[in-house]
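Below is one structure, written out as structure tokens; the observations come after it.
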Amino acid sequence: PDLGRDVSADMVVDEDATDDLLGGLQIGSTADIEVPDRLVDQVIGQDHARDIILKAAKQRRHVMMIGSPGTGKSMLAKAMSQLLPREELQDVLVYHNPDDGNEPKIRTVPAGKGEQIVEAHKEEARKRNQMRSFLMWIIIAIVIGYALIVEGAVLLGILAAGVIYLAFRYSSRGSDAMIPNLLVNNADHQTAPFEDATGAHAGALLGDVRHDPFQSGGMETPSHDRVEAGAIHKSNKGVLFVDEINTLDIRSQQKLMTAIQEGEFSITGQSERSSGAMVQTEPVPTDFVMVAAGNMDAMENMHPALRSRIKGYGYEVYMDDTIEDTPEMRRKYARFIAQEVEKDGRLPHFDNEAVEEVILEAQRRAQRKGHLTLELRNLGGLVRVAGDIARAEDAEYTTRDHVLRAKRRSRSIEQQLADQYIERRKDYDMTVAEGDVVGRVNGLAVMGGDSGMVMPVMAEVAPSQGPGEVIATGKLQDIAQEAVMNVSAILKKFSDEDISKQDIHIQYVQSYEGVQGDSASVTMATAVISALENIPVSQSVAMTGSLSVRGDVLPVGGVTHKIEAAAKAGMDTVIIPAANMQDVMIEDEFKDQIEIIPVSHISEVLDVALAGEPEKDSLVDRLKNITGQALESGSGS
Ligand code: ADP
């Protein structure tokens, strides 16, 4: 199959330098990169989805695309419309029905013919009207002439002339009713239509008949002139794209399915009490290919019959979030920048260093070693902001400096919110980045997937009246319980404190909406151990990691953002799971600010985080011994 040509193959590539960020591309700036004409060739990654689109276009099948926003779903749907044959396009006309004014007639003609037909009708009506008004003026002239001859009848003559004039005007309206309404016009379309019906209300999706305020008395607009096409009609022979398909109300989804099944759908007024609701046209063709899109949720909540319709007669495809970082891919990302610059039309092209910085950002945003992010709408946003900054400065090229400034400016809402929290917390002096405190640990969390922040955890231990309890607030409860359970197995073996007779209180010093706390168990365990053993924790240390029953530190998400947050908050050491070391892609400016310590066991965490030798040393030693044994006996059983 035609998978589109590899455009980077046309460009000069230095085979010895493919390891660099540009993948060996020999260019002066993105201006040297040729952007392919066809949209389908501009799509980066998503080979699977692209393959399906090419196939589905050939076979005229429906497609369901599931995936993250901004990964190219609507772009691919539009690309599909460019692949459909233009020859089949049709114009649709609505005619007055002399037998029943409320059931306008529908005629379908080849694209371009519609305008001609309407023109011909108009021309005819014009001629007829000319004839009539010629006739009218002659009659008026005769009447007035006669009135002048017959003395005393002048007033009567003028009156009669007026009546004749109005009568002609009124009756000429009837000939307008014969002009058809061009419902769907494909005359100027170079490709098959692409209609985006995302979030469309019923009228916009299914067509509508406008209300007529003058329903009688000869002032009314003929019903066929009030008929309006919906997206399902405009996309005839083309592509109907519906994103967030589940947000379409069930009735509309049902009707959409009827249109798919029948290949035609009558237009009627959508507001029930208007005069439009009395009108129903003959069926209007709706022979479109549907591309439905959404996230996982969308698929579960969409009308099951519609879903199975697509499944049975089409394809379902899952969009990739990231793609493997290869020299060829990096060259394509350079082309992506060229595409975005050309699409915008006003941005200065990017010089090589600027391109490199964007590709670096694509690596960082992938949050996965050896991968590039495919959330390209957002990356395109960065390109535009950087280009705008360059343009505002009348720069010839967009440079690395512009990209860096854009990155600061184009932060997500969550990042801005996180920054505000940090600011506010500074006011209240909530972040402690120095000194040693018992039971207090600087944990790290992620907000909105791309903003890290420091989230201090406090633990306090008090003798219990009954059996010991873990008391935590809100969402913390589950994580806290699990974390404590995991350490308690270890603690039991070495601690003099019997935690089953203690109440352990755990709280975040300050918690926020939307914070994902899944990875806080190492933090909590450290806080609890510190409180139990009364050994202070160094506040210049931040940490993240998940804890197993054995005391192993397991990998977590978002380490890059967490490390950067710790550095920003003034910590000088950050503990992360060793298994996450490969995910670390912090910006250069942070590298000198913070020391990253990879760990694989809780004893290493305590070794770094606890202050106050010699208690700490003895604790860590005991822990190492005991968990060593625990491990051995564990693996033996
Ligand atoms: P979605 O429909 O998945 O939310 P879009 O197709 O609307 O995303 O993508 C928005 C824009 O982001 C596109 O117009 C294009 O500029 C860019 N883009 C997104 N995905 C890709 C991709 N895979 N290849 C090239 N550009 C992309």
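The values are calculated or read from the model by the stated rules, or taken from the named source; none is laboratory data. Owing to the predicted nature of the structure, the values given are computational and were not obtained by experimental measurement. A quick note on method: Cβ atoms are made from the backbone with ideal geometry, for glycine too, and the neighbour counts reach across all protein chains shown. The area values use the complete protein model at the heavy-atom level, side chains included, leaving out ligands, DNA and RNA. Shrake-Rupley method; radii C 1.70, N 1.55, O 1.52, S 1.80 Å.
Looking at Ile149, Ile164, Ile138, which is the one that is of a type in the set (A, V, I, L, M, F, W, C) and in contact (Cβ under 8 Å) with a residue 12 or more places away in the chain? Show your work before the answer.
Values: Ile149 fails: in contact (Cβ under 8 Å) with a residue 12 or more places away in the chain; Ile138 fails: in contact (Cβ under 8 Å) with a residue 12 or more places away in the chain.
Checking each option against the conditions leaves just Ile164.
Name the residues in region 202-224 that are touching a residue at least 60 places away in the same chain (Cβ under 8 Å) and either surrounded by fewer than 24 Cβ atoms within 10 Å (Cβ to Cβ) or not in a loop (DSSP other than H, G, I, E, B) (or both), would you?
Initial filter on region 202-224 (touching a residue at least 60 places away in the same chain (Cβ under 8 Å)): 202-203, 206-212, 215, 222-224.
Correct list: Ala202, Gly203, Leu206, Asp208, Val209, Arg210, His211, Asp212, Gln215, Pro222, Ser223, His224.
Looking at region 320-330, is at least one residue crowded, with 24+ Cβ neighbours inside 10 Å and out of contact with any Ser or Thr (no Cβ under 6 Å at 6 or more places or on another chain)?
Looking only at region 320-330, we keep the residues that are crowded, with 24+ Cβ neighbours inside 10 Å, and these are 330.
Those still in the list that are out of contact with any Ser or Thr (no Cβ under 6 Å at 6 or more places or on another chain) too: 330.
Yes; the residues of region 320-330 include at least one that is crowded, with 24+ Cβ neighbours inside 10 Å and out of contact with any Ser or Thr (no Cβ under 6 Å at 6 or more places or on another chain).
Considering only residues of region 297-319 that are more than 11 Å from the ligand (Cβ to nearest atom) and in contact with a Gly (Cβ under 9 Å, 6 or more places away or on another chain), which is most open to solvent (accessible area, probe 1.4 Å)?
We begin by selecting, within region 297-319, every residue more than 11 Å from the ligand (Cβ to nearest atom); these are 297-318.
Retained after the next criterion (residues that are in contact with a Gly (Cβ under 9 Å, 6 or more places away or on another chain)): 301-302, 317-318.
Working: Asn301: 92, Met302: 7, Val317: 8, Tyr318: 120 Å².
The qualifying residue most open to solvent (accessible area, probe 1.4 Å) is Tyr318.
Which of (1) surrounded by fewer than 23 Cβ atoms within 10 Å (Cβ to Cβ); (2) among the β-branched types (Val, Ile, Thr); (3) modelled with pLDDT of 90 or more; (4) closer than 19 Å to Arg368 by Cβ does Thr544 not meet, given it meets every other one?
Of the numbered conditions (1) surrounded by fewer than 23 Cβ atoms within 10 Å (Cβ to Cβ); (2) among the β-branched types (Val, Ile, Thr); (3) modelled with pLDDT of 90 or more; (4) closer than 19 Å to Arg368 by Cβ, the odd one out for Thr544 is (1).
May I ask you to verify whether Ala386 is aliphatic (A, V, I, L, M), over 20 Å from Gly24 (Cβ atoms) and buried (at least 23 other Cβ atoms within 10 Å of the Cβ)?
yes
Take the conditions open to solvent by 10 Å² or more (accessible area, probe 1.4 Å), away from the ligand (no atom under 12 Å from the Cβ) and small (Gly, Ala, Ser) and apply them to Ala17. Does it pass? Steps first, answer last, please.
Details: open to solvent by 10 Å² or more (accessible area, probe 1.4 Å): yes; away from the ligand (no atom under 12 Å from the Cβ): yes; small (Gly, Ala, Ser): yes.
Judged against the criteria, Ala17 is a match.
With the structure loaded, tell me whether Arg405 is open to solvent by 60 Å² or more (accessible area, probe 1.4 Å), within 24 Å of Thr18 (Cβ to Cβ) and either at pLDDT 80 or above or within 16 Å of the ligand (Cβ to nearest atom) (or both) or whether it fails that test.
Working: open to solvent by 60 Å² or more (accessible area, probe 1.4 Å): yes; within 24 Å of Thr18 (Cβ to Cβ): no; either at pLDDT 80 or above or within 16 Å of the ligand (Cβ to nearest atom) (or both): yes.
Judged against the criteria, Arg405 is not a match.
Those residues that are over 25 Å from the mean Cα position of the chain (by Cα) and open to solvent by 50 Å² or more (accessible area, probe 1.4 Å), I need them from region 180-201; list them, please.
Just the residues of region 180-201 that are over 25 Å from the mean Cα position of the chain (by Cα), to begin with: 180-191.
Scanning region 180-201 gives Asn185, Asp188, His189, Gln190, Thr191.
Check whether at least one residue in region 284-295 is at negative phi, open to solvent by 10 Å² or more (accessible area, probe 1.4 Å) and within 15 Å of the ligand (Cβ to nearest atom), and report yes or no.
Yes: region 284-295 contains one or more residues that are at negative phi, open to solvent by 10 Å² or more (accessible area, probe 1.4 Å) and within 15 Å of the ligand (Cβ to nearest atom).
From (1) assigned to a helix (DSSP H, G or I); (2) within 24 Å of Val317 (Cβ to Cβ); (3) touching a Gly at 6+ places or on another chain (Cβ under 9 Å); (4) not β-branched (Val, Ile, Thr), pick out the condition that doesn't hold for Met257.
(3)
Can you name the helices (runs of 4 or more DSSP H) wholly within region 30-126 that have at least 2 residues being within 14 Å of the ligand (Cβ to nearest atom) and open to solvent by 50 Å² or more (accessible area, probe 1.4 Å)? Quick ask: steps written out before the conclusion?
Details: elements: 39-42, 47-59, 73-83.
Because the criterion is at least 2 residues that are within 14 Å of the ligand (Cβ to nearest atom) and open to solvent by 50 Å² or more (accessible area, probe 1.4 Å), the helices (runs of 4 or more DSSP H) in region 30-126 that meet it are 47-59, 73-83.
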